[in-house]
Amino acid sequence: MSRICYGCGATLQSENKEEVGYIPAHKSDSSYCMRCFRMMHYGESNKGYEPKTRDQIIKRVNGDKRFVIFLVDFLNINTEVINIYNSIKRDKLLVINKCELIPDEVYKRKLIDYVREEYNVDGDIKIKGGTKNHGVNSIYRYLRERGIEETYILGLSNSGKSTFINDLIKVNKSKVKPINTNSKANTTLDFIKVKINEDLTIIDSPGFVLENNADSDAYDQYIKALTFNMKAGETISLINGKYYFMFSEDTPINIFINGKGKHKKYYKEIELKNNLNLERDNMDIMILGVGFLRVKNKGIVKTNVDTKYIEIRNSMFGGPHE
Ligand SMILES: Nc1nc2c(ncn2[C@@H]2O[C@H](COP(=O)(O)OP(=O)(O)OP(=O)(O)O)[C@@H](O)[C@H]2O)c(=O)[nH]1
Ligand SMILES: [Mg+2]
């Protein structure tokens, strides 16, 4: 019978070094493929293998009776992710993850209500944050109270699915081995069934990938939540000049962006070809896959970012000015 790699779920094989699941023949009793072993022990970066397609994942889960936990990084809640969530036709729980990265000064008490209203989610929603078990126990209790013994965990790549399973392993002092996790996309390559204890089994899954992702490498777990007061005609440059936004009106902005690099204000107008029309006060400009800017005052915003990577919505957080 073929075995799977415990780190990424790929079927183990010793024939082709370039293919997923490769394990040298003399190491064939190991639990991890060479890629996972190197990622876990030597911090080698993730080699980009093709993940399972969205349809493959959804078909498998919808064709099954099991419960689904759907994880979403708070920086990456957008229409496409919610569409994927909506296409899951099983009993499910939406978990907003990485919430400990939301700065303390931000008013976040209403995050669940916000997601309900802005994205029309009517199922259960929970908040989780941090790899130090914050929220993990509460989700475990939620599953136990409902008698859920087996659940899938789904979400975008890098939303923290495998980390969550490893946290459950730790909290429950399970004897099972940890799964591979990594700050780059597409770490888990196939489904992995993990028996946490007699009461709970979780099935990890390969992450979905956004169709429009401004930067698939923007996952540094490093959030700059800075506030700038912009004057009409001024430009903000984000992440060392990767993204530019110029504002037609005076407005405070709050930046929630994942990625290392400096944000800088320019006093001179810069030629930017794409126009965004913020029709109301308190809107977020999302850079898909990267994060968002909250803009307090309505107006026209010019940017160099291709509009296919932009989504505009009501602001998730009121911001520290409130
Ligand atoms: N700050 C923070 N980082 C987290 C949290 N959960 C996971 N991470 C980090 O997010 C990154 C991705 O975690 P993974 O668990 O590998 O994500 P995944 O959803 O399994 O990703 P794929 O296997 O690629 O689909 C890692 O760098 C984790 O350390 C969290 O609650 N807070
Ligand atoms: Mg994973």
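The values are calculated or read from the model by the stated rules, or taken from the named source; none is laboratory data. Quick caveat: nothing in here was measured; it's all calculated off a predicted structure. No Cβ is skipped: glycine too gets one built from the backbone with ideal geometry, and neighbour counts run over all protein chains shown.
Any residue in segment 201-220 that is modelled with pLDDT of 95 or more sitting within a Cβ distance under 6 Å of a residue that is of a type in the set (S, T, N, Q) and more than 12 Å from ligand 1 (Cβ to nearest atom)? List the pairs, counting only those 6 or more apart or interchain. Matching pairs, first to second residue: ILE202/THR151.
Would you be able to say whether some residue in segment 219-233 is under 29 Å from ILE84 (Cα atoms), more than 16 Å from ligand 2 (Cβ to nearest atom) and touching a helix residue (DSSP H, G or I) at 6+ places or on another chain (Cβ under 7 Å)? Outline the logic, then answer.
Going residue by residue through segment 219-233, those that are under 29 Å from ILE84 (Cα atoms) are 219-225.
Those still in the list that are more than 16 Å from ligand 2 (Cβ to nearest atom) too: 220, 222-225.
Checking the rest, the ones that are also touching a helix residue (DSSP H, G or I) at 6+ places or on another chain (Cβ under 7 Å) come to 223.
Checked segment 219-233: at least one residue is under 29 Å from ILE84 (Cα atoms), more than 16 Å from ligand 2 (Cβ to nearest atom) and touching a helix residue (DSSP H, G or I) at 6+ places or on another chain (Cβ under 7 Å).
Checked against the criterion of being within 16 Å of ligand 2 (Cβ to nearest atom), crowded, with 16+ Cβ neighbours inside 10 Å and at pLDDT below 95, segment 79-96 has no qualifying residue.
Does THR181 satisfy the criteria of being touching a Cys at 6+ places or on another chain (Cβ under 9 Å), under 27 Å from TYR49 (Cα atoms), touching a residue at least 12 places away in the same chain (Cβ under 8 Å) and assigned by TED's automatic domain parsing to the domain that holds ILE77? It is false that THR181 is touching a Cys at 6+ places or on another chain (Cβ under 9 Å), under 27 Å from TYR49 (Cα atoms), touching a residue at least 12 places away in the same chain (Cβ under 8 Å) and assigned by TED's automatic domain parsing to the domain that holds ILE77.
Check ALA185 against each of (1) of a type in the set (Gly, Ala, Ser); (2) assigned to a strand (DSSP E or B); (3) within 16 Å of ligand 2 (Cβ to nearest atom) and name the one condition it does not meet. Unmet condition: (2).
Residues that are touching a helix residue (DSSP H, G or I) at 6+ places or on another chain (Cβ under 9 Å), among the acidic types (Asp, Glu), under 30 Å from TYR42 (Cβ atoms) and crowded, with 16+ Cβ neighbours inside 10 Å are absent from segment 183-199.
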